[in-house]
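Below: one structure, written as structure tokens.
The values are calculated or read from the model by the stated rules, or taken from the named source; none is laboratory data. In this text the structure is predicted, and so the values were computed from the model without any measurement. Positions of Cβ are generated from backbone atoms using ideal geometry, with glycine treated the same way; all protein chains shown enter the neighbour counts.
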Amino acid sequence: MDMKSNPALEPFRANVRAFFQNDYPKDILEKVASGASLTTAEVRKSEMALGAKGWLATAWPAEYGGPGWSLEEQYVFDEELERAGVPTVTPMGVIYVGPIVYTFASDAQKERWLPGTRDGSLGWAQGYSEPNSGSDLASLQFSAVRDGDEYVLNGTKIWTSAAQHADWIFLLARTSKEEKKQQGISFICCEMDRAGVTLNPIISIDGKHALNSVTFDEVRVPADYLIGEEGKGWTYSQYLLGFERTSYARIGGKRKQLAHITEIAKAEPTGGNTRLIDDEAFAAKLTDANIALDGLEMTVLRVLSAVKDGGSPGKEASIVKILATETAQQITTLYLDVAAAHGQRGFSDSVSPQWLDHAAFAAPGVSTYFGTRAQTIYGGTNEIQKNIIAKRVLGL
């Protein structure tokens with residue numbers, strides 16, 4: 001895929017850009033630009049604006065209500081969404097569970113879950129990680145015991161992103177104990193407001209509420225909330241993880257961050273001090289980050305070129321996950337560098353208006369820095385991804 005030499009994509013790009021400039025809710029853009037967290041109502045508003053246009057489930061096949069875009073068009077759309085400052089689409093619905101439902105679920109389940117997921121009116125959370133399990137997902141102890149026409153759910157899921165905004169949660173649950181632990185895991189859904197479900201917020205170091213633990217105490221769900229076959233949840237989850245790990249790339253957003261950092265570094269902090277961009281050590285870090293981002297983009301394009309429409313990115317997604325998360329950390333560290341440099345120089349009457357305009361970057365920049373520290377841990381630690389590459393890609 002060569003995105004820079006395909007003029008046929010430019011009318012599509014112009015159409016997408018015009019929508020974000022003219023029709024997408026401006027109050028959402030303003031709040032995101034301020035660094036503030038969105039409320040549940042604002043998350044719904046954002047995603048339903050995309051859904052009403054048919055642009056939320058951009059990678060879904062047309063037969064399930066997707067726009068039928070090529071991989072190139074999907075890539076351009078993501079670039080323009082991030083360039084415009086639109087909040088990242090909550091991936092748990094359209095990116096993670098959606099493909100599981102339309103690939104493995106029954107017709108009745110597709111009818112129940114796909115429409116709301118596709119139009120943004122239905123929010124999802126992902127119930128994978130558990131206390132004391134670390135990255136060994138197959139060691140999970142969360143149980144789903146069949147009792148007649150119901151499953152009884154017990155256990156705790158942790159680090160559950162955006163669960164405070166979710167209507168449903170999809171879960172990996174142990175339905176039997178097998179010699180090979182992956183074989184006893186099933187894929188089950190549950191409403192977040194069902195009796196016995198308790199959400200406990202986890203507030204991060206920057207004071208934000210993005211994570212949660214969710215406890216299930218004798219929660220009863222209909223047996224037809226099981227997706228696919230009992231005991232096949234591990235297989236379904238591996239299919240999902242390919243989509244999850246490639247979703248970290250966010251090339252457009254990273255380019256926007258680097259452009260912002262460059263703009264700040266070019267500003268004159270005071271009348272008598274040189275610009276940060278002229279500092280050789282900082283300039284070298286900035287160049288390294290740009291090179292790393294170019295490498296990430298080329299890797300993503302290679303992976304996407306190998307993906308057939310509707311297919312899973314496969315084990316090569318581990319490569320993208322490592323590069324994307326490490327590049328994110330590299331870029332956001334630059335926010336600390338520019339904040340530290342300007343902080344040392346201090347304020348005076350000669351501080352330029354341009355620099356004062358940029359000074360508001362510090363708090364959201366540091367918050368973003370903290371957030372990216374976790375990226376190499378969640379979604380399967382980067383150490384685990386290296387093992388996957390060694391065994392499944394290189395055959396070692």
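Selection of the range 261-309 for residues being farther than 28 Å from Trp60 by Cβ, part of a helix (DSSP H, G or I) and modelled with pLDDT under 90 yields Glu263, Ile264, Ala265, Lys266, Leu276, Ile277, Asp278. Being in the same structural domain as Gln21 (by TED's automatic domain parsing), modelled with pLDDT under 95 and under 13 Å from Ile28 (Cβ atoms) is a description that applies to Leu81. Within the range 163-199, count every residue that is touching a residue at least 60 places away in the same chain (Cβ under 8 Å) and in a helix (DSSP H, G or I). Looking only at that region, the number is 2.
A quick yes/no check of all residues on (1) in contact with a helix residue (DSSP H, G or I) (Cβ under 7 Å, 6 or more places away or on another chain); (2) outside any loop (DSSP other than H, G, I, E, B):
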{"residue": "Phe12", "(1), (2)": "yes, yes"}
{"residue": "Phe19", "(1), (2)": "yes, yes"}
{"residue": "Leu29", "(1), (2)": "no, yes"}
{"residue": "Gly35", "(1), (2)": "yes, no"}
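Once the range 198-242 is narrowed to residues that are more than 30 Å from Gln183 (Cβ to Cβ) and of a type in the set (Gly, Ala, Ser), the residue that is farthest from the chain's Cα centre (by Cα) is Gly207. Being modelled with pLDDT of 95 or more and not charged (D, E, K, R) is the requirement here; does Leu211 meet it? No; evaluated as a whole, the condition is false for this residue.
Residues considered: Ala36, Ala57, Ala49. Of these, the only one that is touching a Gly at 6+ places or on another chain (Cβ under 9 Å) and closer than 27 Å to Phe361 by Cβ is Ala49. Suppose the filter is surrounded by 16 or more Cβ atoms within 10 Å (Cβ to Cβ) and either within 22 Å of the chain's Cα centre (by Cα) or closer than 18 Å to Thr40 by Cβ (or both); does Phe170 pass it? Spelling it out, Phe170 is indeed surrounded by 16 or more Cβ atoms within 10 Å (Cβ to Cβ) and either within 22 Å of the chain's Cα centre (by Cα) or closer than 18 Å to Thr40 by Cβ (or both).
The residue that is surrounded by the most Cβ atoms within 10 Å (Cβ to Cβ), among those in the range 85-125 that are out of contact with any helix residue (DSSP H, G or I) (no Cβ under 8 Å at 6 or more places or on another chain) and modelled with pLDDT of 95 or more, is Arg112. Scanning the range 138-153 for residues that are of a type in the set (Ser, Thr, Tyr) and modelled with pLDDT under 95 yields a count of 1. Note on the range 200-214: among residues that are at negative phi and part of a loop (DSSP other than H, G, I, E, B), the one that is surrounded by the fewest Cβ atoms within 10 Å (Cβ to Cβ) is Ile205. Kindly evaluate Ala163 against the criterion of being out of contact with any helix residue (DSSP H, G or I) (no Cβ under 8 Å at 6 or more places or on another chain) and crowded, with 21+ Cβ neighbours inside 10 Å. Criteria met by Ala163.
When the helices (runs of 4 or more DSSP H) confined to the range 53-162 are screened for residues that are basic (Lys, Arg), those reaching at least 2 such residues are found at 107-119.
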